There are 2 protein chains.
Amino acid sequence: MRVLVPYSTRDPKSRLAPFLDADERVSFARRMLEDVLTAIRDAGHAPEVIATGAVAGLDVPVIVDERHLSPAVNAQLDPPVAIVMADLALATPVAIQRLVETPGDVVLVPGRGGGTNALVVRDAAFRVDFHGNSIADHRDGARRSDCTTTEVDSYRLSTDVDEPADLVEVLLHGSGRSTGWLREQGIRLRPTEGHVDVERP
Amino acid sequence: MRVLVPYSTRDPKSRLAPFLDADERVSFARRMLEDVLTAIRDAGHAPEVIATGAVAGLDVPVIVDERHLSPAVNAQLDPPVAIVMADLALATPVAIQRLVETPGDVVLVPGRGGGTNALVVRDAAFRVDFHGNSIADHRDGARRSDCTTTEVDSYRLSTDVDEPADLVEVLLHGSGRSTGWLREQGIRLRPTEGHVDVERP
């Protein structure tokens with residue numbers, strides 16, 4: 001299946017500012033994108049990047065569209081098609097395969113905090129809208145378009161990496177470039193009372 | 001399968017203090033326990049509660065053990081057996097069934113922040129240890145006991161409810177007593193820039 005991966009080249013991952021400066025956030029976002037593309041390819045699918053600006057050095061097609069995320073994705077929404085966010089650093093081929101094999105006109109993977117981390121669209125009536133509480137909007141939109149909806153229950157795909165707490169998950173459960181890069185920067189786990197935090201000594 | 005549900009009657013859910021007072025935290029923890037027991041029963045399994053003190057009004061066996069979580073669970077660890085934490089407010093029968101049907105001497109479900117939210121134990125050599133970064137300790141312990149290990153990739157089972165941010169997930173994706181109780185207390189979603197938060201006006 002064609003799998004679209006939207007990728008912002010404009011100040012990515014701003015909520016990681018307490019741990020990473022602007023250049024580092026660009027580097028980390030790029031590592032996460034590479035991990036997502038690898039998982040999609042290793043699952044046997046064909047990723048394409050939809051980027052807000054030029055992205056060099058990727059061996060996959062890059063569609064440059066300067067518009068916001070939703071119109072840029074909707075312009076490419078020729079079903080059947082999957083959309084997978086570029087910051088799913090824990091994505092594995094198995095998880096991508098579960099997504100793509102799940103039946104339904106619209107298949108949704110919620111992200112923590114109300115987002116939508118991945119979709120499969122099999123009905124041309126459906127449009128994406130990533131603004132705000134998008135998982136609720138996507139459920140409503142599918143209903144209005146008379147589409148059947150299925151949700152995929154995956155910790156790996158529901159974990160988008162936005163905040164320092166998410167780095168804990170990447171360090172604990174990741175094995176790709178993103179995890180290696182964080183370790184190279186000296187970012188590491190710090191046990192606290194009852195759970196685990198991150199620190200950059 | 002026999003499914004053990006450890007439940008603390010001592011100051012539960014203390015990290016929810018910004019939103020709920022001590023009595024409310026007890027009420028909320030009880031609603032979450034009931035949701036977990038319902039999911040296990042609806043999946044066709046037999047839950048038993050392991051509690052640190054007396055728990056009234058439950059129609060399942062309650063084993064009272066005043067010790068810490070790990071020795072109390074290990075005392076009941078006669079395989080095959082599953083252990084499911086009592087604060088998995090988003091657990092569904094489908095997710096419980098996936099857990100129980102996953103093969104492996106030791107089946108692990110990580111919790112966010114380094115914890116272990118659920119296990120299946122099919123080898124008597126394995127012991128639980130819930131202290132600190134328990135998912136890493138459980139992986140190591142399974143290896144030392146020559147047990148095969150499998151992990152279940154489930155957002156619903158990986159979401160233990162410890163912090164205010166977790167209440168967002170309960171309000172967005174729950175449909176049980178816990179979600180209803182939060183709404184009755186006036187706790188509701190508040191859209192913010194880029195994601196969703198909770199508020200109690």
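Scanning region A:148-194 for residues that are assigned to a loop (DSSP other than H, G, I, E, B), open to solvent by 40 Å² or more (accessible area, probe 1.4 Å) and away from chain B (no Cβ under 12 Å) yields a count of 3.
Here B:ASP42 fulfils each of the conditions (1) touching a helix residue (DSSP H, G or I) at 6+ places or on another chain (Cβ under 6 Å); (2) under 21 Å from A:HIS195 (Cβ atoms); (3) open to solvent by 50 Å² or more (accessible area, probe 1.4 Å) apart from (2). Looking at the structure I just gave you, is A:ALA142 at pLDDT 95 or above and either more than 7 Å from chain B (Cβ to nearest Cβ) or open to solvent by 10 Å² or more (accessible area, probe 1.4 Å) (or both)? It is true that A:ALA142 is at pLDDT 95 or above and either more than 7 Å from chain B (Cβ to nearest Cβ) or open to solvent by 10 Å² or more (accessible area, probe 1.4 Å) (or both). For A:SER134, indicate whether it is surrounded by 20 or more Cβ atoms within 10 Å (Cβ to Cβ), under 16 Å from the mean Cα position of the chain (by Cα) and at the interface with chain B (Cβ under 9 Å from one of its Cβ atoms). No: the conditions fail for A:SER134. Across region A:94-125, the number of residues qualifying as in contact with a helix residue (DSSP H, G or I) (Cβ under 6 Å, 6 or more places away or on another chain) and more than 12 Å from chain B (Cβ to nearest Cβ) comes to 1.
With respect to the conditions (1) surrounded by fewer than 17 Cβ atoms within 10 Å (Cβ to Cβ); (2) among the small types (Gly, Ala, Ser); (3) assigned to a helix (DSSP H, G or I), A:ALA54 lacks only one, and its number is (3).
Figure legend. Inter-residue proximity from region A:172-193: first residues touching a residue at least 40 places away in the same chain (Cβ under 8 Å), second residues open to solvent by less than 60 Å² (accessible area, probe 1.4 Å) and basic (Lys, Arg), beta-carbon distance below 8 Å, spacing 6+ or different chains. Indicated pairs: A:HIS173/A:ARG156. All of (1) more than 13 Å from the chain's Cα centre (by Cα); (2) of a type outside the set (Ser, Thr, Tyr); (3) open to solvent by less than 30 Å² (accessible area, probe 1.4 Å); (4) closer than 22 Å to A:GLY111 by Cα hold for B:VAL100 with one exception: (4).
Right, B:PRO47: within 24 Å of B:VAL170 (Cα to Cα), in a strand (DSSP E or B), more than 14 Å from chain A (Cβ to nearest Cβ) and not aliphatic (A, V, I, L, M) or not? Full working, then the answer.
Working: within 24 Å of B:VAL170 (Cα to Cα): yes; in a strand (DSSP E or B): yes; more than 14 Å from chain A (Cβ to nearest Cβ): yes; not aliphatic (A, V, I, L, M): yes.
Answer is yes for this residue.
Residues of region B:1-13 that are buried (at least 22 other Cβ atoms within 10 Å of the Cβ) and hydroxyl-bearing (Ser, Thr, Tyr): B:TYR7 alone. Screening B:GLN76 on (1) closer than 19 Å to B:ILE135 by Cβ; (2) in a loop (DSSP other than H, G, I, E, B) shows it passes everything except condition (1).
The one condition from (1) modelled with pLDDT under 95; (2) under 16 Å from the mean Cα position of the chain (by Cα); (3) charged (D, E, K, R) that A:ASP59 does not meet is (2). Of the residues making up region B:79-100, those that are within 26 Å of B:ALA165 (Cβ to Cβ) and assigned to a loop (DSSP other than H, G, I, E, B) are B:MET85, B:ALA86, B:ASP87, B:LEU88, B:ALA89, B:LEU90, B:ALA91, B:THR92.
Could we say that B:VAL128 is over 14 Å from the mean Cα position of the chain (by Cα), open to solvent by less than 30 Å² (accessible area, probe 1.4 Å) and among the aliphatic types (A, V, I, L, M) here?
Details: over 14 Å from the mean Cα position of the chain (by Cα): yes; open to solvent by less than 30 Å² (accessible area, probe 1.4 Å): yes; among the aliphatic types (A, V, I, L, M): yes.
Criteria met by B:VAL128.
Once region A:14-26 is narrowed to residues that are open to solvent by 40 Å² or more (accessible area, probe 1.4 Å) and touching a residue at least 12 places away in the same chain (Cβ under 8 Å), the residue that is farthest from A:GLN185 (Cα to Cα) is A:ARG15.
If the condition is being of a type in the set (Gly, Ala, Ser) and at pLDDT 95 or above, then region A:72-114 contributes A:ALA72, A:ALA75, A:ALA82, A:ALA86, A:ALA89, A:ALA91, A:ALA95, A:GLY104, A:GLY111. Do we find that B:GLU66 is over 16 Å from the mean Cα position of the chain (by Cα) and open to solvent by 10 Å² or more (accessible area, probe 1.4 Å) in this structure? Criteria met by B:GLU66.
The values are calculated or read from the model by the stated rules, or taken from the named source; none is laboratory data. Remember, it's a predicted structure, so these values are computed and weren't measured experimentally. Note that each Cβ is placed from the backbone with ideal geometry, even for glycine, and that neighbours are counted across all protein chains shown. Heavy atoms of the whole protein, side chains included, go into the accessibility calculation; ligands, DNA and RNA do not. Shrake-Rupley method; radii C 1.70, N 1.55, O 1.52, S 1.80 Å.
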